[in-house]
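Report on the following structure.
The values are calculated or read from the model by the stated rules, or taken from the named source; none is laboratory data. On a predicted model such as this, the values are computed, not experimentally measured, just so you know. Backbone-built Cβ (ideal geometry, glycine too); neighbour counts: all protein chains shown. With ligands, DNA and RNA removed, areas are computed over all heavy atoms of the protein, side chains included. Shrake-Rupley method; radii C 1.70, N 1.55, O 1.52, S 1.80 Å.
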Amino acid sequence: MGRKLLLDKAHIENIRLYDVYRREGGYRSVEKALKTMSPDAVTEEVKKSGLRGRGGAGFPTGMKWSFLAKPEGVPRYLVVNADESEPGTFKDRYLMEFIPHLLIEGMITSSFALGSNRAYIYIRGEYAWIVDILEQAIQEAKNNGFLGKNILGSGFDCEIYVQRGAGAYICGEETALLESLEGKRGNPRIKPPFPAVKGLWDCPTVVNNVETIAAVVPIINEGGEEYAKIGIGKSTGTKLISACGNIKKQGVYEIDMTISVEEFIYSDEYCGGIANGRKLKACIPGGSSVPILPANLLLTTAKGEKRMMTYESLADGGFATGSMMGSGGFIVLDDTQCVVKHTYTLARFYRHESCGQCSPCREGTGWMEKILLNIENGKGKMSDIDLLWDIQRKIEGNTICPLGDAAAWPVAAAIRHFRDEFEWHITNADEAQRRNYGLMHYADPIHVPVTA
Amino acid sequence: MMKFSDDKLKEVQRIINFYPDGKQKSAVIPVLHLAQQEFGGWLSTETMDYVASLLKLAPIEVYEVATFYSMYNLKPVGKYMFEVCQTGPCMLNGSDDIVKYIYDKLGIKPGETSADGLFTLKTVECLGACGYAPMMQMGKNYREHLTKEKVDAIINECRNEATAIKN
């Protein structure tokens with residue numbers, strides 16, 4: 001069994017309630033921080049922990065905090081990004097639904113470090129019932145003196161509010177989120193200035209993912225150095241993985257970053273193997289935006305090493321042969337699935353979610369969707385594959401925010417690794433309407449070039 | 001003249017208090033949710049104008065928000081809205097079959113409302129329930145691990161509730 005720091009108590013009955021959460025050791029990090037530490041010392045522990053943002057980008061959290069501008073007399077804000085919308089990702093929902101006080105506790109401790117007296121949870125509008133759960137937890141924390149004025153006699157004031165979105169993937173991008181929180185369309189801002197200098201209502205702001213803020217609790221309780229001892233290299237601590245698709249046991253798993261991808265998929269402790277006796281064909285390991293890998297490259301890197309569930313190993317080989325940890329949305333495809341169709345649904349998703357500010361993304365996502373649908377429906381031309389490649393190249397890097405890249409990468413990776421499946425769809429258009437391409441060579445052992 | 005009940009006006013005030021003085025524009029998204037829920041499940045121009053007046057905004061500031069976010073309905077919808085997710089992970093687990101089954105049962109395609117005004121079918125993009133696929137949102141809650149039998153049960157549940165309200 002791996003170490004669990006976030007969900008170790010999630011199974012306890014009524015842990016959603018303050019009394020039970022407190023009895024199980026909850027709010028110790030707030031007591032420790034407010035009574036025995038300075039704000040800078042809290043930030044220092046987060047730096048030492050090596051914690052990396054759990055929303056997808058993996059940027060070091062302590063460093064992000066240290067960029068926060070602190071002009072005299074200007075309020076600062078902590079905003080928690082609970083706009084979980086990356087296909088394949090449902091970990092923050094689980095955490096908020098089952099152990100909401102962990103997020104509230106992390107927010108109070110983090111707010112103290114950042115000097116934020118007013119913090120917001122921006123939650124996707126569809127998670128409507130979780131708003132009630134969070135508001136109840138906030139009220140309980142307030143009733144018990146952990147929120148409000150002069151918390152624990154420390155002189156530190158803090159309030160937390162929950163803001164619902166209304167259906168827009170783009171609001172997971174931090175500047176679009178801030179626009180939305182200001183009551184506007186979710187159009188990402190041009191950076192710089194970064195939110196750390198000019199964020200919510202033009203004030204210095206830190207935007208962090210739910211899981212990132214929850215991880216601050218064990219970091220302060222156990223110390224940054226202890227936290228950093230878990231995992232491998234720069235992948236410190238534990239990570240929530242939401243596993244879905246064609247596996248036996250879909251759900252949210254907390255892993256310490258020491259296990260292999262193979263163990264994660266096949267061990268009964270985690271996914272329990274591929275469902276219905278089928279075979280593994282492909283997997284998107286970190287949410288729909290990151291490159292899809294065929295079975296062989298998923299389990300083994302191009303160098304022939306076992307691929308591990310760490311930031312570095314999942315990215316090993318770059319986009320040519322690797323992928324990314326991303327948001328931890330682990331999507332598994334079995335050998336009955338069609339990569340063309342799956343890629344089409346993702347392209348449709350990004351077309352739907354493009355905010356429309358930048359032409360390459362607004363137009364390109366629509367073109368990719370149409371071309372993929374044509375191929376899927378047996379009306380594709382061989383030149384369409386190169387056309388798709390050309391379009392995605394022209395979106396990537398040419399937009400204000402990363403949604404353009406996020407839309408380009410899944411199409412690029414599908415063509416890179418499954419080109420023959422696309423070609424088969426075009427040359428065998430009638431047959432492709434009746435059956436799928438199947439596993440073919442996608443799980444064959446990869447040829448590792450021998451180097452001197 | 002359109003107006004929230006006193007209770008709902010209190011809720012609007014509670015939301016406005018989430019933000020610093022003068023920043024009540026931030027309340028537009030939550031207040032539009034409330035308005036949609038109170039005034040027939042969709043946002044008419046009249047409803048949006050009312051929200052604008054409550055928050056002291058120009059009507060265009062409300063329209064531009066209402067047209068951006070996919071949870072706001074800009075046309076009338078049925079009493080029950082089935083919002084079926086169809087993105088990758090749900091597709092892998094058979095969401096296309098669920099959409100087709102709802103069509104077979106109710107004769108409505110995505111975007112359509114049944115003749116009796118009870119049901120609207122809407123296909124949506126990823127709702128963050130990928131591990132519990134296929135799924136749909138109905139009102140405030142998710143219905144997950146959908147099967148044909150479960151869809152039947154949900155349709156019956158809605159019909160029974162609608163009949164009970166009518167009587």
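For the range A:184-218 and the range A:1-37, what is the separation of their Cα centres, given in Å? Each part reduced to its Cα centre gives a spacing of 26 Å. Against chain A, whose longest principal axis comes from its Cα atoms, helix A:210-222 is set at around 50 degrees.
Per-residue mean of foreign Cβ neighbours for A:114-122 is 1 (Cβ atoms of other chains, 10 Å radius). Rg/Rh for the range A:339-434 (Cα atoms only, Rh after Kirkwood) is 0.98. In the range A:1-72, a dipole from Cβ-located charges (positive for Lys and Arg, negative for Asp and Glu) runs towards its positive end, and of A:W65, A:S49, A:S29 it is A:S49 whose Cα lies farthest in that direction.
When only alpha carbons of the protein assembly as shown are considered, Rg and Dmax amount to 24.2, 84 Å.
For the range B:1-153, the residue among B:T47, B:P134, B:T67 whose Cα projects farthest onto the positive side of the dipole built from Cβ charges is B:T47. When peptides A:172-179, A:327-334, A:15-22, A:86-93 are sorted by average Cβ neighbour count within 10 Å, with the highest value leading, the order is A:86-93, A:327-334, A:172-179, A:15-22.
Relative to the longest principal Cα axis of chain B, at what angle does helix B:28-38 sit, 0 to 90 degrees, rounded to 10? Between the helix axis and the principal axis of chain B, the angle is about 60 degrees. Here the range A:18-229 exposes an accessible surface that is 50 percent carbon and sulfur, computed with a 1.4 Å probe and the other protein chains kept in place.
Taking Cβ separations below 4.7 Å as the criterion for a possible disulfide partner, the isolated cysteines in chain B are B:C126, B:C158.
What shape does the range A:391-452 take by its C-alpha gyration tensor, where a ≥ b ≥ c are the square roots of the eigenvalues and a/c under 1.5 counts as rounded, a/b above b/c as prolate, and the rest as oblate? Since a/c reaches 1.5 but b/c is at least a/b, the shape of the range A:391-452 is classed as oblate.
Our note on the geometry: Cα centres of the range B:110-167 and the range A:151-165, 37 Å apart. Using only Cα atoms and rounding to the nearest 10 degrees, what angle (0 to 90) does helix A:403-427 make with the longest principal axis of chain A? With rounding to tens, the tilt is 20 degrees.
Take every pair of alpha-carbon atoms less than 8 Å apart whose residues are at least six positions apart; their mean separation over the length of the range A:283-327 yields a relative contact order of 44 percent. For the range A:339-434, with the dipole built from +1 on Lys and Arg beta-carbon atoms and -1 on Asp and Glu ones, taken about the Cα centre, which of A:Q392, A:Q357, A:G404 lies farthest toward the positive end? Working it through, the farthest residue towards the positive pole turns out to be A:Q357.
Assuming charge only on the beta carbon of Lys and Arg (+1) and of Asp and Glu (-1), the dipole of chain A about its Cα centre is about 320 debye to the nearest 20. Shape analysis of the range A:18-229 places it in the rounded category; the axes a ≥ b ≥ c from the Cα gyration tensor give an a/c below 1.5. Counting only DSSP H runs of at least 4 residues, each contributing -39500 (n - 2.57), and dividing by the residue count of chain B, the helix-based mean residue ellipticity at 222 nm comes to -13500 deg cm²/dmol.
Nearest 5 is fine: what % of DSSP beta bridges in the protein assembly as shown come out antiparallel, could you say? Around 45 percent of the beta bridges assigned by DSSP in the protein assembly as shown are antiparallel ones. Spatially close Lys pairs in the range A:232-334, defined by Cα atoms under 23 Å apart and a spacing of eight or more places or different chains, total 14. The 3J(HN,Hα) values that the Karplus relation (6.51, -1.76, 1.60; θ = phi - 60°) gives for the range A:328-336 are, in residue order, x, x, 9, 10, 10, 10, 8, 6, 8 Hz. Gly and Pro appear as x. What you get for the range B:18-149, charging only the Cβ of Lys and Arg (+1) and of Asp and Glu (-1), is a dipole of about 100 debye around the Cα centre. Take every Cα pair under 8 Å whose residues are at least 6 apart in sequence, average their separation, divide by the length of chain B, and the relative contact order is 17 percent. Estimated from helices alone, the mean residue ellipticity of chain A at 222 nm is -12500 deg cm²/dmol (sum of -39500 (n - 2.57) over DSSP H runs with n ≥ 4, per residue).
Each residue of the range A:111-122 was assigned a 3J(HN,Hα) from its phi angle through the Karplus expression (A = 6.51, B = -1.76, C = 1.60, θ = phi - 60°), giving 4, 4, 4, 8, x, 9, 9, 9, 10, 10, 9, 9 Hz with x at Gly and Pro. Averaged over peptide B:12-19, the number of partner chain Cβ atoms lying within 10 Å of each residue's Cβ comes to 3. Computed from point charges on the beta carbon alone (+1 for Lys and Arg, -1 for Asp and Glu), the dipole magnitude for the range A:339-434 about its Cα centre is near 200 Debye.
Taking all Cα pairs closer than 8 Å and separated by 6 or more residues, the relative contact order of the range A:339-434 comes to 35 percent.
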